[in-house]
1. Give the residue that is surrounded by the most Cβ atoms within 10 Å (Cβ to Cβ), with candidates limited to residues of the range 367-383 that are without any contact (Cβ under 8 Å) to a residue 24 or more places away in the chain and over 23 Å from GLU238 (Cα atoms).
2. From the list VAL231, VAL175, exactly one residue is closer than 18 Å to ASN116 by Cα and either of a type in the set (Val, Ile, Thr) or surrounded by fewer than 17 Cβ atoms within 10 Å (Cβ to Cβ) (or both). Which is it?
3. Hey, can you tell me all the residues within the range 118-156 that are buried (at least 19 other Cβ atoms within 10 Å of the Cβ), within 16 Å of the ligand (Cβ to nearest atom) and more than 21 Å from the chain's Cα centre (by Cα)?
4. What do you reckon, is LEU195 touching a strand residue (DSSP E or B) at 6+ places or on another chain (Cβ under 8 Å), over 19 Å from GLU241 (Cβ atoms), more than 16 Å from the ligand (Cβ to nearest atom) and in the same structural domain as MET239 (by TED's automatic domain parsing)?
5. Taking the range 18-56 as the region of interest, how many residues are among the β-branched types (Val, Ile, Thr) and more than 15 Å from the ligand (Cβ to nearest atom)?
Amino acid sequence: MMRVICDLICYGKAQAMTTPAPCRSLYVHVPFCRSRCGYCDFYSRVLDPAAVTPLVDALLHELAYYAAERPFCFDTIYVGGGTPTVLPPSELERLLRGLRRYAAPRNELEFTVEANPATVPEGVAAVLAAAGVQRVSIGAQSFNATELRVLERTHQPAQVAETVMTCRRAGIRQVNLDLIFGIPEQTPRSWLQSLQAALALEPEHLSCYGLTYEPGTPLRRRLEAGLVRRVDHDLEAEMYELTLETLPAAGLPQYEISNFARPGSECRHNLRYWHNEPYLGLGPSAAGFIDEVRYKNVADTAAYVQAVNEGRSPWSEQEQLPPERRVRESAMLALRLTAGLERRRFQERYGTDPAELFAAAVERHVKTGLLEADDAGLRLTRAGLLVADTVMADFLSVPTQL
Ligand code: SF4
C-alpha cells in the first residue's frame, strides 16, 4: 500500500503549483449505525459486532502506514460516520487512544466525535472525555416526533436533551446539534419549535441542513412512489430565513451557509475543508486530500479491512488536482463562509486577486445582488445565500485568465 500512496504523493508534489501545506487534520469514518435512516446516503451499515475489532485494527494500521512516511501532528480530529458511539466502549477507547498518538497536545487539539441520541450512555461519555474528546456532534435532526418518524430516526425528541446532559456531565465542553429543515409535512412553525428546543439546550454550535432526496435512498423511493411530498420551495426558503433570524439573535452567528456558532466555537475541522486545506481520511468510504491528490477509500468495510491487512491501498478513487481546479474549488468553498473569499488570503496562496480572476462571475452576480465585493473580499449576500449553489457553480466554470 505504501508504494502506491508514496507514488501518488510524489506525483502530487511535482504537479503542485504551490508548496503543499502540512496536513494537520484527520477524518476517521466509522461505518456502523444502530439502524439506517431513510434519507441517508452516507456509507454505513447496521452494527455487526464481529466486524468491530477488525475495523479498529485496520483504521489504526492505515494511520500507521501513512505516519511511517511523515510525522503527523493533527490539531483537528473528527471521528464521524456512521455513529462512532455505537462501538463497544473498549473498542471505541482503543480507537480514540490510537488516534491521539498522532495528535497535538490537548490544549491545541479540537477532537470531535459524532454521536446520535440514545447512543451515549454514561460509560461511553466517560470514554470520550478520558480520551480527550471535547466536542460532540449530535444528530438531533428534529424535536418533532412525527418528523423523526418520516426520517426513520429511531430516537425520541427527549433523548436529545438526555444525550447533551450526559456529555456535559462527563466534562465535554462543546456540543453541536445537527438539524434538518424541509422535512415532508414540516411547517415554519414546527421548524421554529425545533430551533427553540435546540437553543434551550444551549449548544455551542448548530448545523442546519435542508433535506435532500439522494438517489438510491428509501426516502427518494418513497418520494417517487408518491408516498411523501416534497416541501414547497418557498416554504423551505422561509424556514432557512427563519434560521438566519433566530440563531444569530440567540447568540449563534452564522459563519457558513449551514453552520452557526457562539464566537470562538466554530468547527476548526470543517473550516479546514472550506479553506481547501489538506486532510487525511481513514476508513471505508473516507475521502482525503493530501499533497494535491484527492482520494476516496473503498466503500465496503470487508474490502477495506482486507486491503489494509494485505498491505494494499484501500483507495478506490484518486485524482491529481490540476492547479486551475484547485484555485476554482478554493474560491467556491470560501464562498460558503460568511467571511467569504478573502482577497489577501487568496492572493497570498495563489498569487492572484480573485476579484480579477473571476471578474466575469463577480460582475454578473454583483449586478443581480447575489454577491458583494469590496477591498476585503467577495461574499454572498442574504439573497445569494438562498441560491448559493448557482453562484458557486459559476466560480467553477466561468472563463478566467488561468
Ligand atoms: S444515524 Fe446518521 S449515518 Fe447512520 S444512517 Fe442515520 S443519518 Fe446515516
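The values are calculated or read from the model by the stated rules, or taken from the named source; none is laboratory data. Keep in mind it's a predicted model, so treat the numbers as computed, not measured. Here the Cβ is made from the backbone with ideal geometry for all residues, glycine too, and neighbour counts use every protein chain on show.
1. ALA373
2. On the way: VAL231 fails: closer than 18 Å to ASN116 by Cα.
After ruling out the rest, the residue left standing is VAL175.
3. Matches in the range 118-156: VAL124, GLU147, LEU148, VAL150, HIS155.
4. On the way: touching a strand residue (DSSP E or B) at 6+ places or on another chain (Cβ under 8 Å): yes; over 19 Å from GLU241 (Cβ atoms): no; more than 16 Å from the ligand (Cβ to nearest atom): yes; in the same structural domain as MET239 (by TED's automatic domain parsing): yes.
Judged against the criteria, LEU195 is not a match.
5. Keep residues of the range 18-56 that are among the β-branched types (Val, Ile, Thr), which gives 18-19, 28, 30, 46, 52-53, 56.
Pick out the ones that are also more than 15 Å from the ligand (Cβ to nearest atom) and you get 18-19, 52-53, 56.
Residues meeting the conditions: 5.
Yes or no, residue by residue, for (1) β-branched (Val, Ile, Thr); (2) under 21 Å from GLU256 (Cα atoms):
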{"residue": "GLY340", "(1), (2)": "no, yes"}
{"residue": "GLN347", "(1), (2)": "no, no"}
{"residue": "THR368", "(1), (2)": "yes, no"}
{"residue": "ARG382", "(1), (2)": "no, yes"}
{"residue": "VAL387", "(1), (2)": "yes, yes"}
{"residue": "LEU396", "(1), (2)": "no, yes"}
